[in-house]
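Novice: Questions regarding the structure given below will be posed in turn.
The values are calculated or read from the model by the stated rules, or taken from the named source; none is laboratory data. Bear in mind the structure is a predicted one, so any value in this text is a computation, not a measurement. Here the Cβ positions follow ideal geometry from the backbone for every residue, glycine too, while neighbour counts run over all protein chains shown. Quick note on the areas: whole protein, heavy atoms, side chains included, nothing else; ligands and nucleic acids left out. Shrake-Rupley method; radii C 1.70, N 1.55, O 1.52, S 1.80 Å.
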Amino acid sequence: MKILILGSGGREHALCWKISQSELCSQIFIAPGNAGTSEFGENINIDINDFEAIKSICISNKIEMVVVGPEEPLVNGIYDFFKNDESLNKIVITGPSKAGAQLEGSKAFAKSFMEKYQIPTAKYKEFDVSNFDEGLEYIQNHPLPIVLKADGLAAGKGVIICQNYVEALSEFELMIQQSKFGDAGKKVVVEEFLDGIELSVFVLTDSKNYVLLPEAKDYKKIGEGDKGLNTGGMGAISPVPFATDHFMKKVTERIIEPTINGLRKEGIDYKGIIFFGLIKVNEVPMVIEYNCRLGDPETEVILIRLKNDLVELILAMDEQKLNEQQIEIEKNNAVTIVAVSGGYPEQYKKGLPIEFLYLENPEARRHIDDGVGALVFHSGTKKLNEEVVTSGGRVLAVSAMAQGLGDAIELSKTILEQIRFEGIYFRGDIGYEFVD
Ligand code: AMP
């Protein structure tokens, strides 16, 4: 079967790697892809929100399955576009529908959904220009810190945790009155701050059944010890030591199942990934956010632990037969460490040549066998003539697996030390809370 993967990051490179192992897959196309994905198939340079262009690629290449990496096409309704078009509606596509993608596309929708189905989350209220003054008063009477969230997609920047009232009131004003995040911030969710440790839980659902994928913990701050600015993600580990069976039972009963049942009750077509951004407050799991797709860099750490054929899982999702699938997960510990360009997440250079010195080192282990080894996934890279150069802030993600987390981290770092580009930086402490 011919498969099209949409997206261009480390997540999509990891999806290519995983999907290429399926006997059901005959050829992979990636739009637009990066230098790494081109090793697995043909990169096609189009905009992932240009549905007409995607349609013509599907028709001319006889695509039978589309795997959507990022959230934007989903929030813009790519699933519905396929289902409503006679020439596309036989193609298997990972969703959700536009209505389902609102779980990520609108924080206000997600909060009211959780309230309706009694899914544990932070207390909140939503405001826009019509009740702006009420919002100012609400903030002034709210305990600190206060969390402000732009309702819509804001390129991962729409959440502001305010430590004082001056900042909270001014950010609130900037979002609603000055369109700081454009239309995405016209509505603002103001919520209580939850203090705890975060983890990400992923399920694949067919609207009726679901399978639980490996969980992960990601590291968002640029600096070691979780200091400095927020990034798209500097690394991740899986499994998460505190996600015990006892804790995951609570997650399943209080969060996953009420979410899937709630979507069904709402009549929402949801065939795809639900990413639960959770926080453990004391021993209680609560939802920080929903996403409607896999995370990056979490994908790079969870897919190396998933033993199942991903194409088979997606076909079972399409046929609403996920109840017939048994998930098999590698027990060993996995880590992914992201190498970024100097200056990221602020100003950084692009077009820097990358040297992959490990390619000349026969000792370097660049495959995973029996739960041990390492893989290099490209995030922001492209080919320029025959050279691979940087094309983004997050450049590469090096995933590794071993019996112990410490050994997996060492394996990943050994490869990272054999990668060179000007200003390369990675966090040396990913997983630090869990290794001696
Ligand atoms: P989001 O875009 O909703 O994932 O938020 C980004 C980050 O902000 C999360 O990963 C959390 O670290 C933090 N965050 C969001 N909401 C809260 C909250 N209510 N309490 C504490 N931290 C939060």
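Novice: Give just the number: which of (1) open to solvent by less than 50 Å² (accessible area, probe 1.4 Å); (2) more than 22 Å from GLU328 (Cβ to Cβ) does GLU253 not satisfy?
Specialist: (1)
Novice: Of ALA31, ALA35, which residue is small (Gly, Ala, Ser), at pLDDT 95 or above and not in a strand (DSSP E or B)?
Specialist: Going through ALA31, ALA35 in turn, just one is small (Gly, Ala, Ser), at pLDDT 95 or above and not in a strand (DSSP E or B): ALA35.
Novice: Could we say that LYS111 is under 30 Å from LYS250 (Cβ atoms), surrounded by fewer than 22 Cβ atoms within 10 Å (Cβ to Cβ) and among the basic types (Lys, Arg) here?
Specialist: Answer is no for this residue.
Novice: If you don't mind, there's one more thing I want to ask. Can you tell me which residue among GLN325, GLN347 is away from the ligand (no atom under 16 Å from the Cβ), open to solvent by 10 Å² or more (accessible area, probe 1.4 Å) and within 27 Å of TYR210 (Cα to Cα)?
Specialist: Result of the check over GLN325, GLN347: GLN325.
Novice: Take the residues in the range 181-196 that are within 12 Å of the ligand (Cβ to nearest atom) and open to solvent by less than 30 Å² (accessible area, probe 1.4 Å), then tell me which one is modelled with the lowest pLDDT.
Specialist: Here the residue is ALA184.
Novice: So the check is Cβ under 8 Å with 6+ separation or different chains; which pairs have a first residue in the range 212-238 that's among the acidic types (Asp, Glu) and a second one that's open to solvent by 30 Å² or more (accessible area, probe 1.4 Å) and outside any strand (DSSP E or B)?
Specialist: The qualifying pairs are GLU215/PRO239; GLU224/TYR432.
Novice: Please go through the range 89-103 and give me each residue that is closer than 16 Å to GLU126 by Cβ and either open to solvent by 10 Å² or more (accessible area, probe 1.4 Å) or free of Cβ contacts under 8 Å to residues at least 24 places away in the same chain (or both), ordered by number.
Specialist: Of everything in the range 89-103, just one residue is closer than 16 Å to GLU126 by Cβ and either open to solvent by 10 Å² or more (accessible area, probe 1.4 Å) or free of Cβ contacts under 8 Å to residues at least 24 places away in the same chain (or both), namely GLN102.
Novice: So which pairs qualify, if the first residue must be in the range 274-295 and over 21 Å from ALA101 (Cα atoms) and in a strand (DSSP E or B), the second must be away from the ligand (no atom under 13 Å from the Cβ) and open to solvent by 30 Å² or more (accessible area, probe 1.4 Å), the Cβ gap must be under 9 Å, and the two must be at least 6 apart or on different chains?
Specialist: So the pair list comes out as LYS280/PHE242; VAL284/LYS250; VAL284/ARG254; PRO285/LYS250; PRO285/ARG254.
Novice: Taking the options GLY392, GLY373, name whichever one is touching a strand residue (DSSP E or B) at 6+ places or on another chain (Cβ under 9 Å), under 19 Å from GLY9 (Cβ atoms) and either outside any loop (DSSP other than H, G, I, E, B) or open to solvent by less than 20 Å² (accessible area, probe 1.4 Å) (or both).
Specialist: The match here is GLY392.
Novice: Hey, another quick one. Residue by residue through the range 415-436, note down the ones that are open to solvent by 70 Å² or more (accessible area, probe 1.4 Å) and either within 15 Å of SER341 (Cα to Cα) or among the β-branched types (Val, Ile, Thr) (or both).
Specialist: GLU417, ARG420, GLU422, TYR425
Novice: Continuing with this model, one more query. Run down VAL287, VAL281, VAL311 and say which single residue is within 16 Å of the ligand (Cβ to nearest atom), over 17 Å from the mean Cα position of the chain (by Cα) and either open to solvent by less than 40 Å² (accessible area, probe 1.4 Å) or within 17 Å of LEU24 (Cβ to Cβ) (or both).
Specialist: Residue meeting the stated conditions: VAL281.
Novice: Also, quick follow-up: Would you pick out the residues in the range 221-230 that are under 24 Å from LEU144 (Cα atoms), in a strand (DSSP E or B) and more than 11 Å from the ligand (Cβ to nearest atom)?
Specialist: Once the filter is applied, which keeps residues that are under 24 Å from LEU144 (Cα atoms), in a strand (DSSP E or B) and more than 11 Å from the ligand (Cβ to nearest atom), the range 221-230 yields LYS227, GLY228, LEU229.
Novice: Report yes if some residue within the range 198-207 is charged (D, E, K, R), assigned to a strand (DSSP E or B), within 21 Å of GLU137 (Cα to Cα) and within 13 Å of the ligand (Cβ to nearest atom); otherwise report no.
Specialist: So far as the range 198-207 goes, no, none of its residues is charged (D, E, K, R), assigned to a strand (DSSP E or B), within 21 Å of GLU137 (Cα to Cα) and within 13 Å of the ligand (Cβ to nearest atom).
Novice: Among the numbered criteria (1) within 26 Å of ASN308 (Cα to Cα); (2) open to solvent by 20 Å² or more (accessible area, probe 1.4 Å); (3) away from the ligand (no atom under 14 Å from the Cβ); (4) among the charged types (D, E, K, R), which one does ASP218 miss?
Specialist: In the conditions (1) within 26 Å of ASN308 (Cα to Cα); (2) open to solvent by 20 Å² or more (accessible area, probe 1.4 Å); (3) away from the ligand (no atom under 14 Å from the Cβ); (4) among the charged types (D, E, K, R), ASP218 misses (3) alone.
Novice: Then there is this: So which residues in the range 240-268 are in contact with a strand residue (DSSP E or B) (Cβ under 7 Å, 6 or more places away or on another chain) and not in a helix (DSSP H, G or I), if there are any at all?
Specialist: Those that are in contact with a strand residue (DSSP E or B) (Cβ under 7 Å, 6 or more places away or on another chain) and not in a helix (DSSP H, G or I): VAL240, PHE242, ALA243.
Novice: Among what's in the range 101-157 and is of a type in the set (Val, Ile, Thr) and part of a helix (DSSP H, G or I), pick the residue that is modelled with the lowest pLDDT.
Specialist: VAL129
Novice: If only one of ASP269, ASP245, ASP296 is open to solvent by 10 Å² or more (accessible area, probe 1.4 Å) and within 16 Å of the ligand (Cβ to nearest atom), which one is it?
Specialist: That would be ASP296, the only listed residue that is open to solvent by 10 Å² or more (accessible area, probe 1.4 Å) and within 16 Å of the ligand (Cβ to nearest atom).
Novice: Somewhere in the range 165-180, is a residue open to solvent by 20 Å² or more (accessible area, probe 1.4 Å), in contact (Cβ under 8 Å) with a residue 12 or more places away in the chain, assigned to a loop (DSSP other than H, G, I, E, B) and aliphatic (A, V, I, L, M)?
Specialist: no
Novice: Just the residues that are surrounded by 19 or more Cβ atoms within 10 Å (Cβ to Cβ) and of a type in the set (A, V, I, L, M), please, taken from the range 37-56.
Specialist: ILE48, ILE54
Novice: So VAL335 clears everything in (1) surrounded by fewer than 24 Cβ atoms within 10 Å (Cβ to Cβ); (2) among the aliphatic types (A, V, I, L, M); (3) under 20 Å from PHE434 (Cβ atoms) except one condition, right? Which one?
Specialist: (1)
Novice: Additional query: What about ILE146, is it in contact (Cβ under 8 Å) with a residue 40 or more places away in the chain, surrounded by 15 or more Cβ atoms within 10 Å (Cβ to Cβ), over 24 Å from the mean Cα position of the chain (by Cα) and within 13 Å of the ligand (Cβ to nearest atom)?
Specialist: yes
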